[in-house]
Every structure is written in C-alpha cells, then in structure tokens.
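Colleague: Structure below; questions to follow.
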Amino acid sequence: MTLPYCEPFKIKMVESVRQSTLAERHDWIRKASWNLFNLRSEQVFIDLLTDSGTGAMSDKQWGAIMTGDESYAGASSYYRLKEAIKDITGFEYFLPTHQGRAAENVLFSVLVKEGDIIPGNAHFDTTKGHIEFRKARAVDCTVDIARDITAVDPFKGNVDPGKLEQVLKETPVEKLGCIVMTVTNNTAGGQPVSMANLRAVRELADRYGVPVIIDSARFAENAFFIKTREEGYGEKSVREIAREMFSYADGMTMSSKKDAIVNIGGFIGFRDRDLFRKASTYNIMFEGFITYGGMSGRDMNALAQGLYEGTEFDYLESRTRQVARLGEKISAAGVPVQVPFGGHAIFIDAGRFLPLVPAEEFPAQRLAVEIYLEGGIRSAEIGTLMADRDPVTRLNRHPELEMVRLAVPRRVYTDNHIDYVAAAVTNVWERRQHITRGLAIRWEAPIMRHFTVELDLLG
Ligand SMILES: *Cc1c(COP(=O)(O)O)cnc(C)c1O
C-alpha cells in the first residue's frame, strides 16, 4: 500500500476551540452588526479571516524567545536576525520594523515623493496607501490573465512587461520612485510571479534607471511555486530560489507575519549602504533605533528562526497542499473558486455563488455571514464593502469580482478542520437558491469602512 502524505511536524501545545450552536451564532453575528470583524475570537470556531500574524510558532521559535537580548543598541538578537536575512535574501543591510506597513512607511519616505509614479503588479492596500498618502500614484501592470479567475496559468501574479515598459517610457526618470514587485501577488489572489518575470523586470529597470523593491510577505510560497512550476528550478532548493529572486531587486519590504511565521514583525532589506543610511533616519523617527526598530529582542530571535523554517521545502509542501485541499474539496462540490489555488487562501466567486443577491446588497458579505452561521467559520469579504465608495461621487465602487477569501493560518489547523470548512461551504452552496437578499449599511466610516461597518440583514 502506498503510504499517505503526512505533515512534517507534530503538535506540542494545543489551544481549545469550542463549537457553538446556530442560535448562538445568529445572536452573536446580529449583535456584531453582521460584520465579522466585530466578533470576538471565542465566537469563532475556525478563523480564516487572515493568514497574517495567525501562524503557530515552533518549539525552536519559542526557545529563541527565551534567549532574546533586550539591549537598546547592538543586541545579539539584532545580529542573529541580520545573519538570517543576509543568508536567506542576500541583502547586506537591514532595518527591523514593527510590521510590513511600517517598512513601507520608512522606505517610501526615502524613495517616493509627490507626483511620483510607482508601477508594479497590483500593490497591496497598505503599499498603495503609503504611496497615495505621499500624493504619488501606484500603477498596476499585472498581466491581464490574472483578472480571469478561471484561467489556468502557472504565474498569474506576473507583471506584463509591455505595460510596465509603457509606464517607464512615458514617465520622466526623476518621477519614477521605484518599481514594486509583490510576491506572491496578494491582490491577484496569492498568485506567484515567475523568475523569468523578475528577471525581465530587472532588465527594464536597468534600462530606465529605476530601483526594484520586492514586497516580500509571501516570498517563500512564491519560491516554492517557482520550484514546482518553472522550468529549470525543480532541482534547486527553495532558499537558492529565494536568493535568486532577491538578486533582481535593490531592496525589499517584509511583513514577517506571513511567511516568516511570527505573530508580529517586519523589516527592510537593502543592497546599497547609502539607501540604508537614508532610511535609518526615518526608522529612528518612526520605529525605533536601528538595532530594534519597533521589535523586542525576543521577537527578532523568533523571526530569525522563522525565516529558516518558512523556507523549508517540506513545510511549504504541507502548507500549499492544505490550501489546495480546501480548494479541491469545495470546487469538486461545484463551488466557483479561483484557479490555480493561491498560496495562502482560497477565493470564492461570491457573485456566481449568490447570483440572486443584488450587487448593491453586498453578496460577498452575505456569503461570509452564511458561512459563519453554517459552521462558525470566519472569512473575509473582498468585494463591494471593501472597495469602498468613490471619493468624488460617493457611490459604491463595484469591483470586477465579489469574492470571499478563506485564508489559512500556517501550522494551525489540521486537515480535519479543513474538511469541516469544506463541508460547511458545501452546505451553504446546496441551499444557495434560498438566499436572495443581502445586507444594507446602517453606519459606515468615511474610509476603510469594511473594518467597522454596521449592517442590517435584508430577508
Ligand atoms: C500583509 C502585507 C503587507 C503589510 O504588512 P503588515 O505586516 O500587515 O503591516 C504588505 N504587503 C503585502 C503583500 C502583504 O501581504
């Protein structure tokens, strides 16, 4: 008999979770104004809201926590992290920050100014926020095929080199702050970027004299996909691939809450000493002295260890297999999902799932509420609620797709949990004809409304 696949770890510490009744969930979500962000975590059985900062640290990471050096300057934990970053990314210089958006804030204080154009492959919300806050513009040059969620292509996170070159050609070089390459492409659904694409971006960047920054939150999942999908990389290790990816960049920003499997933390990596020095001043102002930058010594220790664990092939295989397991189970039941499955999450096409719910009534939010009611599972709406209103007309912006994201935390849930989620989603799918109405807004904040919005259920 062929032996089945098993995860390359065992469990040393557990946290109890409690299943609730439908009546309890109905009461809780109503009191939460039908907004899943307003639920207490105890009211959630399986939490797939995000994979950010929700991973389980290893025994070695917890061990490293106990040996953290909390010196203000020159802590050994800083040097331990510096060594790990050099080893895994090749970047000689680095600055710790409290998370990914803080890394963007510090680096963009040097690289981005009013009127700049920052092209890339679909900038993450906070990245775009930090660009627009500086009155600069983020231009999305992602390949067109990324918009077709049913199209099968191994690297739907890529930038379209033609679109990118057009932007570079049209923009005076002094207005090109940098190119931002996000790996994996989060906004496109955790889709990877190929090595060939990173190489092509580097060539264009050199031709037009623009620095390349890699937004690296999920660089290890990206490297895993290169290894398993791109010709010529099958025999290379994930770390060798990651090193090559970073070799095409001048710097990186990192949210360590994703692929480095820690609960908080981030950093910036630099090749150039001059850029590092300029950014250091902002780091001291916004984050902390250059050898701690908003992180405790113990957290830097755990991050150094997490960078190694997060780039192990066996771990990445189990992680991507688990995400794919969820995708395979629900798509086998008929649920419309994005393919290929992303590295960190499964995206359900809520528009096709609930075609009877009018677009003005937030179909993706209704679906997220139904999945919660069905099984106590928390997911995230990525649709009209999140897209907010047009700043000028104040009308709802309707994105091309109404999506519900099921993001899988790292090393937290077993395949039984995943099968439970698949069954709950399938149950909602089977009663979808009876869901004809959505929700109406009772109160909303002027921007980023989805976090705090209060809603009423319509029928
Ligand atoms: C999470 C994320 C960020 C922001 O990082 P935080 O740690 O949440 O501040 C930036 N870019 C990408 C691609 C991300 O996934």
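Colleague: Can you run phi through the Karplus equation (6.51, -1.76, 1.60; θ = phi - 60°) for the stretch 278-287 and list ³J(HN,Hα) in whole Hz, with x for Gly and Pro?
Modeller: Rounded to whole hertz, the list is 4, 5, 4, 4, 5, 4, 5, 5, 8, 10.
Colleague: Another question about this same structure. What lysines could a cross-link reach from Lys257, if we take a straight Cα to Cα line under 20 Å and drop same-chain neighbours fewer than 8 places away?
Modeller: Once the sequence-local lysines are set aside, what remains near Lys257 is Lys60, Lys82, Lys86, Lys128.
Colleague: Could you give the dipole magnitude of the stretch 286-420 about its Cα centre, charging the beta-carbon of Lys and Arg +1 and that of Asp and Glu -1, in debye to the nearest 20? The partial results should precede the final answer.
Modeller: Values: 14 positive and 19 negative charges, 19 e Å.
The calculation lands at about 100 debye.
Colleague: Distance from the Cα centre of the stretch 140-197 to that of the stretch 217-246, in angstrom?
Modeller: For the stretch 140-197 versus the stretch 217-246, the Cα centre distance is 18 Å.
Colleague: Listed highest first by mean packing, meaning other Cβ atoms within 10 Å per residue, what order do 201-212, 108-119, 439-450 come in? Please report the intermediate quantities before stating the final value.
Modeller: Working: 201-212: 17.1, 108-119: 20.2, 439-450: 14.2.
Taking the mean over residues of other Cβ atoms within 10 Å, the ranking is 108-119, 201-212, 439-450.
Colleague: Right, another one. Using the charge dipole of the chain (Lys, Arg: +1 at Cβ; Asp, Glu: -1 at Cβ; taken about the Cα centre), state which of Leu81, Val408, Ala440 has its Cα farthest towards the positive end.
Modeller: Among Leu81, Val408, Ala440, the one farthest towards the positive end of the dipole of the chain is Ala440.
Colleague: May I ask you to list the aspartates and glutamates whose Cα is less than 14 Å away from that of Lys258, ignoring any residue fewer than eight positions away on the same chain?
Modeller: Once the sequence-local aspartates and glutamates are set aside, what remains near Lys258 is Asp51, Asp215, Glu221, Glu309.
Colleague: Which order results if His130, His26 are arranged by neighbouring Cβ count within 10 Å, fewest first? Display every interim value, and only then the final one.
Modeller: Working: His130 25, His26 14.
Lowest to highest Cβ neighbour count: His26, His130.
Colleague: Among Lys60, Lys10, Lys329, what is the fewest-to-most ranking by other Cβ atoms within 10 Å?
Modeller: Numbers: Lys60 13, Lys10 6, Lys329 18.
Final ranking by Cβ density, sparse to dense: Lys10, Lys60, Lys329.
Colleague: Still on this structure, I have one more. Kindly write out, for the stretch 315-321 in residue order, the coupling ³J(HN,Hα) from the Karplus curve 6.51 cos²θ - 1.76 cosθ + 1.60 (θ = phi - 60°), rounded to whole Hz, with x marking Gly and Pro.
Modeller: Those phi angles translate into 5, 5, 5, 5, 5, 5, 4 Hz.
Colleague: For the chain, what is the charge dipole size about the Cα centre, in debye to the nearest 20, if Lys and Arg each add +1 at the Cβ and Asp and Glu each add -1 at the Cβ?
Modeller: In total the dipole reaches around 440 debye.
Colleague: Using a Cα-Cα cut-off of under 16 Å, which aspartates and glutamates could be cross-linked to Lys12, ignoring same-chain neighbours fewer than 8 residues away?
Modeller: Within the straight-line limit of under 16 Å, Lys12 reaches these aspartates and glutamates: Asp59.
Colleague: Mind ordering 312-319, 271-278 by average Cβ neighbours within 10 Å, highest first? Numbers along the way, then the final one.
Modeller: Details: 312-319: 18.4, 271-278: 15.0.
So the peptides 312-319, 271-278, ranked by packing, come out 312-319, 271-278.
Colleague: If one computes the Cα centroid of the stretch 289-368 and of the stretch 250-276, what distance in Å separates the two points?
Modeller: 20 Å
Colleague: Moving on to the next point. Please work out whether the stretch 59-309 counts as rounded, prolate or oblate from its C-alpha gyration tensor, where a ≥ b ≥ c are the square roots of the eigenvalues and a/c under 1.5 means rounded, while otherwise a/b larger than b/c means prolate and anything else oblate? Could the numbers behind the result be given before it?
Modeller: On the way: a/c = 1.95, a/b = 1.29, b/c = 1.51.
Oblate shape, in that a/c is at least 1.5 and b/c is the bigger or equal ratio.
Colleague: So what is the calculated 222 nm ellipticity per residue for the chain, using -39500 (n - 2.57) for each DSSP H run with n of 4 or more, over all residues, to the nearest 500 deg cm²/dmol?
Modeller: Values: 16 runs with 182 residues, N = 459.
Only helices count here, giving -12000 deg cm²/dmol.
Colleague: Suppose every K and R has +1 on its Cβ and every D and E has -1 on its Cβ; what is the size of the dipole of the stretch 196-289 about the Cα centre, in Debye to the nearest 20? Kindly include the intermediate steps, with their values, before the conclusion.
Modeller: Numbers: 15 positive and 14 negative charges, 30 e Å.
In total the dipole reaches around 140 debye.
Colleague: I've got another one for you. Mind jotting down the distance between the C-alpha centroids of the stretch 47-96 and the stretch 402-459, whole Å?
Modeller: 33 Å
Colleague: Could you sort 364-373, 334-343 so that the peptide with the highest average Cβ count within 10 Å comes first and the rest follow in order?
Modeller: Details: 364-373: 25.7, 334-343: 21.5.
By packing density, highest mean first, the sequence is 364-373, 334-343.
Colleague: Which listed residue (Pro96, Trp34, Met66) has the Cα farthest towards the positive end of the charge dipole for the stretch 25-127, taking +1 on Lys and Arg C-beta and -1 on Asp and Glu C-beta about the Cα centre?
Modeller: So the residue furthest toward the plus end is Trp34.
Colleague: Could I ask something else about it? Would you be so kind as to identify which of Val392, Pro336, Val357 lies farthest towards the positive end of the dipole of the stretch 317-459, taking Lys and Arg as +1 and Asp and Glu as -1 on Cβ and the Cα centre as origin?
Modeller: Result: Pro336.
Colleague: Please arrange Thr426, Thr452, Thr184 by counting, for each residue, the other beta carbons lying within 10 Å of its beta carbon, fewest first.
Modeller: Details: Thr426 16, Thr452 13, Thr184 30.
Lowest to highest Cβ neighbour count: Thr452, Thr426, Thr184.
Taken together, the values in this text are just the output of simple stated rules run on the coordinates, not laboratory data. In this text the structure is predicted, and so the values were computed from the model without any measurement. All Cβ positions, even for glycine, are placed from backbone atoms using ideal geometry, and neighbour counts span all protein chains on display.
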